[in-house]
1. What number of residues within segment A:80-112 are at the interface with another protein chain (Cβ under 9 Å from one of its Cβ atoms) and over 11 Å from the mean Cα position of the chain (by Cα)?
2. When you go through A:Asp231, A:Asp208 one by one, which is the residue that is under 16 Å from A:Met139 (Cα atoms), of a type in the set (Asp, Glu) and in contact (Cβ under 8 Å) with a residue 24 or more places away in the chain?
3. Of the conditions (1) farther than 21 Å from A:Gly270 by Cα; (2) touching a His at 6+ places or on another chain (Cβ under 8 Å); (3) surrounded by 19 or more Cβ atoms within 10 Å (Cβ to Cβ), A:Thr56 satisfies every one except a single condition; which number is it?
4. Residue by residue through segment A:290-312, note down the ones that are surrounded by fewer than 24 Cβ atoms within 10 Å (Cβ to Cβ) and either β-branched (Val, Ile, Thr) or within 12 Å of chain B (Cβ to nearest Cβ) (or both).
5. Might you let me know whether segment A:267-278 holds any residue that is over 14 Å from the mean Cα position of the chain (by Cα) and surrounded by 22 or more Cβ atoms within 10 Å (Cβ to Cβ)?
6. Quick one: count up the residues across segment A:323-348 that are within 7 Å of chain B (Cβ to nearest Cβ) and at pLDDT below 70.
7. Any residue that is surrounded by 10 or more Cβ atoms within 10 Å (Cβ to Cβ), in contact (Cβ under 8 Å) with a residue 40 or more places away in the chain and either touching a Leu at 6+ places or on another chain (Cβ under 9 Å) or assigned to a helix (DSSP H, G or I) (or both) - is there at least one of those in segment A:4-14?
Amino acid sequence: MTRSLVLRTPGDRYSLKLNIRVLKMTLALTALLAISSILALASGSHPTSFMDVLGTLAAPARSDLALIILEIRLPRVIMAILVGAALGSAGLILQGLVRNPLASPDVIGITSGASAAAVLFLWLGGITGTSLLLAPVAMGGAFTVALCITALAWHRGISPARLVLVGVGLAAALTAVTTLLLVLSPDSTAMNAYIWLTGSLYASQWHDVTALTPWLAVCLPLALIKLRHLDAQSMGEDMARGLGSALQGHRLLFLVLAVALAGSAVAYAGAVGFIGLIAPHMARRLVTSGHTGLLPIAALIGALILLYADWIGRVVFIPRDLPAGVFVAGIGAPFFVYLLYRLRHEPG
Amino acid sequence: MLTSLLARTSGALLCLTFFVVAMASSLVFGNIPVSLDMLIASCLDYDPGSLEHLVIRTERFSRTVTALIVGAGLAIAGVLMQTLTRNPLASPGILGVNAGAMFFVVVGATLFSLTSPSELVWAAFTGAATAAFLVYFLGQEAGRGISPVRTVLAGVAVTALFVSFAQGLLILNQNRFESILFWLAGSVSGRELATIVPLLPGFGLALLVALLLSRQLNLLGLDDEVIRGLGLRVGQIRLLVGLTVIVLAGTSVAMAGLIGFVGLIVPHMARGIFGTDHRWLLPMSAILGATLLLAADTVARMIIPPQEVPVGVMTALLGTPLFLYLARQVRQLS
């Protein structure tokens, strides 16, 4: 039995049941994330001490140190947390929706759509630096592709198996288009596009943070409220209908949520892979719970993975600043092999 | 579908004709157009002073041979994989075998400075085998055997893994950008004939094994117990077929990098025309695969001259509609 904490309003009008283990794990991961963030803020090509960071955060002063910490490192750390959290939750929602443990935004083509749109934009504009329009364009790509996938997979409602296969097919075509554009571009543009494709948080700014936050602020609470319907669906379509869940309506909602989370994250950080695939599995190893309880854990784990990947890319190879995506794959691969070992014994 | 022997033979002859036409056009068309007379003259009476003769002998000829081998190899590998997994969506590209081979080739080329295909091919075999093992392992579902959707997802996940590693290497090694992009994008150009020749014996052997296994392959579509009842050693045959796939796909990748969808499209085409008997299916898939890749490569040179579209892009754009069609046919899977 899992122990739970139940909060009730007077008269039992509303009640909230919290799984104690999920609660503890959420708090522990949040604490770990906070410590890791301060660690990330303290390291970089300009050495700063732990105390300096805490002092600057508590009372911002006008100094070079404050500038480095508040204007350069802090937005980057926050972006890593937001992007990682968005990808982790998007992966959890998609895996629940498709009822397959190997689904993730990059596997079913959402990331490829964003990538193709972004590379097309960089190619048409011959852009070698950054551009403010890149993120909206990439997000547009993600939504367009999601729409195409849904339309092509539609057969009296959304069928999860088809959704996956159609997504895989479209992802392959879009990857081909991306490759074509890369080969046609001059080297400077191609390299720039490649760094974007790997996923990099280099030169993240406060306006990126303010642009990404609303997406998470809307999607995550909505997901938390609605995810119990995914638990019903995981018991089978008939069971979900019997429990009074609007099957197709909820599938559509979850798809939109997953695309919004993954699309916005990828738009600002580039095509970071794997977090959506592995974060939900790590969450399932830590707690046994329905999707509602898993969501905060998966989001926190996603944030931790990207934070550390970005930290390695930024600090270990000074003076070079390597894209975080490289190290996400590096952290993800060993876990992926472990996953493969475990998945054999689980029905999927 | 053609059923009578006469119809099949004439179908086969027609395919052969297409193949010869595709081969000739692959030699003739390009940045420097060559007339057919010139082509014949360059074979019979080679004149080193003539630019056209030089182009044919040094560049076009090796390119045509590469496309031919890679096309045939991927197509046969596709047939074998579809039969082996009983999954219409299987192919070396979709199931990650090509990506595994590509990543190991990229590692060999960048970290160990291997250059010739005869060295790289061993890296490709290792990679193809690793990926095939991973996907086979992941595609199994407890108690229910191999599930098609799950296998495809496993393949895609493994592909994503290896491609992102290759991209990481690309960024760490920016001075090798061009050469790594070659493997990632897939191309049949720029290979010298002398470097391909050492790969041919292994490739030929794998082809021969596949053709000799035709009868056994015909039976693999049946239930395991029925096959055993017929006196066939299922495990051994599966292993042999798997090894053949690895050699064929590995050789193709070592020569031309990542070229997807040939292994998916061609078996379906060939099955549509010649039926499911592997004694016809295998040789005809080889011919159609070679024809498809030769044609795709020739067209790729003509779309935006003087630049070339990578041939892997061409095949992917051709193959996606078919994949989507097949995906819509697959029912009640997850």
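The values are calculated or read from the model by the stated rules, or taken from the named source; none is laboratory data. Computed from a prediction, not measured in an experiment: that's the story for all the values here. Cβ sites come from the backbone with ideal geometry, for glycine too, and all protein chains shown count toward neighbours.
1. The qualifying residues number 8.
2. Going through A:Asp231, A:Asp208 in turn, just one is under 16 Å from A:Met139 (Cα atoms), of a type in the set (Asp, Glu) and in contact (Cβ under 8 Å) with a residue 24 or more places away in the chain: A:Asp208.
3. (2)
4. A:Thr292, A:Ile312, listed by residue number.
5. no
6. Number of matching residues: 7.
7. No, segment A:4-14 contains no residue that is surrounded by 10 or more Cβ atoms within 10 Å (Cβ to Cβ), in contact (Cβ under 8 Å) with a residue 40 or more places away in the chain and either touching a Leu at 6+ places or on another chain (Cβ under 9 Å) or assigned to a helix (DSSP H, G or I) (or both).
This table checks each residue for (1) at the interface with another protein chain (Cβ under 7 Å from one of its Cβ atoms); (2) within 30 Å of B:Asp297 (Cβ to Cβ).
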position: A:Gly126; (1), (2): no, yes
position: A:Phe143; (1), (2): no, no
position: A:Ala151; (1), (2): no, no
position: A:Arg162; (1), (2): yes, no
position: A:Ala171; (1), (2): no, yes
position: A:Leu184; (1), (2): yes, yes
position: A:Gln205; (1), (2): no, no
position: A:Asp208; (1), (2): no, no
position: A:Trp215; (1), (2): no, no
